[in-house]
Amino acid sequence: MGSQRYLLINSISGNNFACIPGAIVATYARWYRSTEMSDHNSAKDQSTTGQLPVVLKTVSIAESSFAHVEQPDRSSEERWLSYIRSLAQRELATAGVAVATEHLWRQLRTAVPTITRPNASPTDELGLSMSWNRDRHYLEIEVHPSGEYDWFYRDRTDRLSDRQRALPVEAAPADKLKLHLKTMFE
């Protein structure tokens, strides 16, 4: 391998790596889409993709180290909100779902300040599913393109289940939902 230089790219989640052999590569910042990390030429401008930035640094193989990818110095809250806002641009959810999810998140954060970011994934119907799995508790909230959301809670120890459907996002979170969240996070 000699003095050939490599560029190591880390996905947004920090789990996937890709090595790109090439000539000397200067340190630079670009916008990458985590789902395109297997396509090594997928750098795109943030103004069109809404991607999160990563800082790429290269080193020589002879220096016995790969490039180090630094995440930008942003809070996890900012990254979460950026993810929500990017859903419509990436056609993973409707614009209404992105707006409704951010509104619902802010309401939940106000009601339970200790809440953590959820696991989240787009649904087949262009909505968003958010879930928390904490100790014996499981909670899932699904935001629909209609502007409504459903939630489901389960306490595995007490075998207690609870749910509500078709709640308007504009309204304050249901008292039962807030109670379950407080049980989980306080």
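The values are calculated or read from the model by the stated rules, or taken from the named source; none is laboratory data. Only a predicted model underlies this, so the values are computations on that prediction, with no experimental measurement involved. A quick note on method: Cβ atoms are made from the backbone with ideal geometry, for glycine too, and the neighbour counts reach across all protein chains shown.
List of remarks:
- Residues of segment 148-176 that turn out to be acidic (Asp, Glu), outside any strand (DSSP E or B) and in contact with a helix residue (DSSP H, G or I) (Cβ under 8 Å, 6 or more places away or on another chain), as a count: 1
- Looking only at residues in segment 129-147 that are touching a residue at least 24 places away in the same chain (Cβ under 8 Å) and assigned to a strand (DSSP E or B), the one that is nearest to Glu102 (Cα to Cα) is Val143.
- Meets criteria (of a type outside the set (A, V, I, L, M, F, W, C) and at pLDDT below 95) for Asp158: yes
- Pair list, Cβ under 8 Å, 6 or more apart: segment 154-173 residue outside the structural domain of His137 (by TED's automatic domain parsing), other residue in a loop (DSSP other than H, G, I, E, B) and of a type in the set (Asp, Glu): none
- The listed residue being in a helix (DSSP H, G or I), touching a residue at least 40 places away in the same chain (Cβ under 8 Å) and touching a Phe, Trp or Tyr at 6+ places or on another chain (Cβ under 9 Å), out of Ile84, Ile115: Ile84
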